[in-house]
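Read through the structure below, which is laid out as structure tokens, and then see the notes.
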Amino acid sequence: MSGCWNCGAPPAFTGRDTGEEAHFCAGCGSLQPPPSNYFDFFGLERKLGVDAGALDLRFYALSRRLHPDLFFRRGERERQYSLDSTAILNDAYRTLKDPVKRAEYLLKENGFDVGEQKSANVPPELLEEVFELNMALEESAKEEVAAALSKFRSMLGESDAEMARQFERYDRSFDRGVLVEIRGLLNRRKYIRNLIETANGTR
Ligand SMILES: [Zn+2]
């Protein structure tokens, strides 16, 4: 990024800035164009482990500092930056707050395709469960459906625990191979969630 659009002072965003001050020029105080990367926007490292409390604090601080009402009397450019920043702020917060959305975002940023799960990609270890669930649903076997539902819920819990472990592994190594594993876990999770919805009769 080049210097401040207004006074030419060196760029505020270095990728390591933590406070909301990074959004303003240190020389003249003008609001700068927002960084498009969500982690950079909040001054967070590009990691999968995010401290939810710290994220909340930064979100509230930035909401106050970037609010369009504060730029009402400023020039066209800062008014626009304030609108742009507020839009990114809300999207970034929603995305980084949720571990699944956060992982999908980081995968996308690293060039992975994380589109909708195709039915052709049923995780092989779930084929039997899918078959049994469909049988139980066809026969309206309520007890078996309930048993399947509780099994899927515990699978979802295990899947989330495994994902948390892989997040830590990635944050220690920044190893792309770990991201491949995480993508597999996300697909599996999505699939299990679909099974839960099916068993619940909501699909
Ligand atoms: Zn400036």
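The values are calculated or read from the model by the stated rules, or taken from the named source; none is laboratory data. Worth saying up front: this structure is predicted, and the values here are computed from it rather than measured. A quick note on method: Cβ atoms are made from the backbone with ideal geometry, for glycine too, and the neighbour counts reach across all protein chains shown. Calculation scope for accessible area: heavy atoms of the full protein, side chains included, ligands and nucleic acids excluded. Shrake-Rupley method; radii C 1.70, N 1.55, O 1.52, S 1.80 Å.
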Legend entry - Longest segment of the chain lacking chymotrypsin sites (Phe, Trp or Tyr not before Pro) that sit in a DSSP loop with at most 12 other Cβ atoms within 10 Å: 73-173
Legend entry - Loop-located GluC sites (Glu not before Pro) in the stretch 125-203, at most 13 other Cβ atoms within 10 Å (DSSP): GLU139
Legend entry - Cα shape, the chain, gyration tensor, a/c 1.5 rule: prolate
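Counting only heavy atoms of protein chains, what accessible area per residue, in Å², does the stretch 157-196 have with a probe of 1.4 Å?
52 Å²
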Inset, instruction - With unit charges on the beta carbon (Lys/Arg positive, Asp/Glu negative), name the residue among GLY49, PHE39, PHE71 whose Cα is farthest towards the positive pole of the charge dipole of the chain. - result: PHE71
Inset, instruction - Before anything else, pin down the relative contact order of the stretch 20-97: Cα pairs under 8 Å, at least 6 apart, normalised by residue count, whole percent. - result: 37 percent
Inset, instruction - State, as an integer percentage, the relative contact order of the chain based on alpha-carbon contacts under 8 Å between residues 6 or more apart. - result: 17 percent
Inset, instruction - Kindly flag which residue pairs out of LYS47/LYS101; LYS108/LYS151; LYS97/LYS151; LYS47/LYS190 have an alpha-carbon separation exceeding 19 Å in this structure. - result: LYS108/LYS151; LYS97/LYS151; LYS47/LYS190
